[in-house]
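Some notes on the structure that comes next.
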Amino acid sequence: MKGTTNSSTPAHAEEAATTPSSPRFTIRFESNVTRFAEEAAAADRAYFSVLESLSAVVLEQVFLDNEFPVPDGTDPFRCETIAGTFERRNEESEHAAEPEAAAQATVGQKPETTLDETSAEEAARKLLPEFPELDSGVCFSKWVYDNVASDYLVEISTVLGTNSGRTYRQLSTAMTIVYGLPRFVDRVRAGEFTRAHVEVAAQQCANVAFEFLPKLDAFLATKKADVTCDSLRRALSKHIALLVPPTDASEIATKRRRIDVEGFKDGSACLTVSGPSAEIFSCFNRIQAMALAIHGKNKSTFNLPAGMEISDERSVSQLEYDLFIRPVPELSVKVVSVDPVTGIQTATEAPALDADGNLIPGLDSDDGLADYAKHVAEQPPADEAAETGHDAAGFDSPETDTAADTAAARDRAAGSAFVPDPEGTDEADRGPLEYSIKLRMPTSQSWLANQAATVVTVPFLTLTGDSNLPGTFAGGSPVPAEVARTIAGRSKTIQRILTDPATGTPIDAKATSYTVPKDLRKTLIEQWTVCTVPGCSRRAEKSEMDHVKPFFHLDPLKGGLTRFGNIHPLCKRHHALKTAGRYGVTMPKSGVLDYEFRHGISASVSAPEQPINVAQVLEFAALGHVGLERWTLPTSMVPAAPQVLELMPGESTIRERDEKKRRREEEKRLREEREARQRQLSEAFRAQRVARQKLRLERCLDWENSVFQPCLPVGSNPAAAAKQLTGNAKYAQAV
């Protein structure tokens, strides 16, 4: 079973649709990686074939439930596509409004009349039924939930081996891709997009109302095929933010705020926090800035005293997890004693918080921290404290509190990291004086502004209140206009970025120094949003700036300038790989990078388009009454939307149809036989009746052989005689 969509398109549209776009990658020579690429492409085709079959099963069941007639022979089910249904509804509403406009026309004006030259195919299309159960405000997620029968759901879940929730999501994915985005489907069939792209498109569009799907399909029909799935997700999010009213999106995000947790069989779990984007990004930025400060050993962030160095072996991700999972960090001082002979280290921890969870007074200064460390060093270990009556924090136990025990504890503490033995070995022979403390996340405004700031790009018209275009975070995610204005109003600095009106990408900025200026860096971040290496999702905001052509320090004007066309963001890891020559990078023109990898794969990466910036240019043009026809996307570049949806019935439906047809024919044959038998009986009965009537008539006319009733004798009683002759007493009385 396979679902297809057909439409009649103009010649120029067919040429544009059949013109191959630039592939996602090219193969220079054969290797294990290139063979893997072929197998991956085959797996993508198999996955999409499953989606087509699954969507056909669902749509056929909906056709039958809505009493669509099963076609005869090899004809398919036929109905209008989603785009065709909305187009016809718009035409009908326009035609309905025309008489009202004509009635309001002034006298003396002749309305322009045009002949309705509708082709036979278009006339036939108008007779087709609409897409079943199509409501402009409903999305495919709800459509699937409302229209898929329970027995079908159970059967499909059995085949997929999933629970009902996952089956509903899989059905929504299949219907959204195959029938909600038909032009994107044609590109998927051509191998331009992978399974990851299909899943991203389905996730972004499954909850979008039907009325917006044709516009999203037109956007995907012209999207570059060399984008990664993350780039496609960001682009779709921005485009959806332009279509869906911002108030609705903001209110929905606020109402749906929640925290979900899911455990896995390996003992791990996943915590998902959903809510307004501004709050989520601000929380993440604070946690990430704290983790980066610890990982980068930036002691000035925490105002550590002189001589104290941060020594932590955890990765940035591990630090982020530890900070997030402990929202109220406990501060403690760790005393490490190193034996200069054996090298054995011993550790003692003491809390820097009191019983109420507050920082002990005086620990925020160097002298206070040193005094507290000295006090901790004088205390016995935990096991010995139990014997002498002292707890780990140095408070005396009420059971035993003698001066001798305290002195013994101080003697045992000699040689510790904080208080080395003054009478022991020489100072040069003592072990390293090392201690560590748990740090509290800074909350000062200066630190938040410099290290954990949330960067938002806001269109100028949105900032002035003349438009409700959404803004974007540094990672490319959209932010509602009202939230963007609030963040901009609280910001101390605003930087202007000029963009190309055709693509929305920032225009050229340059510098003659090796160090990238802040304004150029922010412009590059806005242009690329993430690391330019294919598949990398690290934000450009936290990445390094790489010169494609090395910067010539002796004479910067001779090449390798710090400017557009030569500089792009690379995360620290990929920057090191590029510097080591593990892959080659060239920039043929500004905004386009060509990567050549060692195993025969080459790929081209383009700066992501900015549909929000392009929308602002169009609004600028509308405000200034300037025509921008040369900047609009040519119609020939967008394939025409399919108008007719055709679906071949499944084998079971065909067998059921043939069985019903056979039963109808058998019933018709039996009915015809009964009717023929009835006709024969009726004709025989009529013939017999006519024969009897003829015989009686002949007997009546045969006067010679007729036998008449003899006359009554004279003097007989007439009544008695009539009774004898007729057998009717009433007649006899009447006589």
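The values are calculated or read from the model by the stated rules, or taken from the named source; none is laboratory data. These numbers were taken from a predicted model, which means no experiment stands behind them. Here the Cβ positions follow ideal geometry from the backbone for every residue, glycine too, while neighbour counts run over all protein chains shown.
Structure above, values below:
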item	result
Every pair of residues 6+ apart whose Cβ atoms lie under 8 Å, when the first sits in segment 264-286 and is more than 15 Å from SER317 (Cα to Cα) while the second is surrounded by 10 or more Cβ atoms within 10 Å (Cβ to Cβ) and charged (D, E, K, R)	SER274/ARG256; SER274/ARG257; GLY275/ARG256; GLY275/ARG257; PRO276/ARG257
Subset tally (residues that are among the polar types (S, T, N, Q) and in a helix (DSSP H, G or I)) for segment 175-195	1
Top-ranked residue of segment 469-494 - restricted to ones that are part of a loop (DSSP other than H, G, I, E, B) and at pLDDT 85 or above, ranked as nearest to THR228 (Cα to Cα)	PRO470
Meets criteria (among the hydrophobic types (A, V, I, L, M, F, W, C) and in contact with a Leu (Cβ under 6 Å, 6 or more places away or on another chain)) for ALA209	no
ALA502, sole failed condition from (1) touching a Phe, Trp or Tyr at 6+ places or on another chain (Cβ under 7 Å); (2) modelled with pLDDT of 85 or more; (3) of a type in the set (A, V, I, L, M)	(2)
Tabulated pairs, segment 320-331, first of a type in the set (A, V, I, L, M), second at pLDDT below 80 and assigned to a loop (DSSP other than H, G, I, E, B), C-beta under 6 angstrom, 6+ apart or interchain	LEU331/ALA352; LEU331/LYS438; LEU331/ARG440
Some residue of segment 248-266 being of a type in the set (Val, Ile, Thr), buried (at least 16 other Cβ atoms within 10 Å of the Cβ) and at pLDDT 85 or above	no
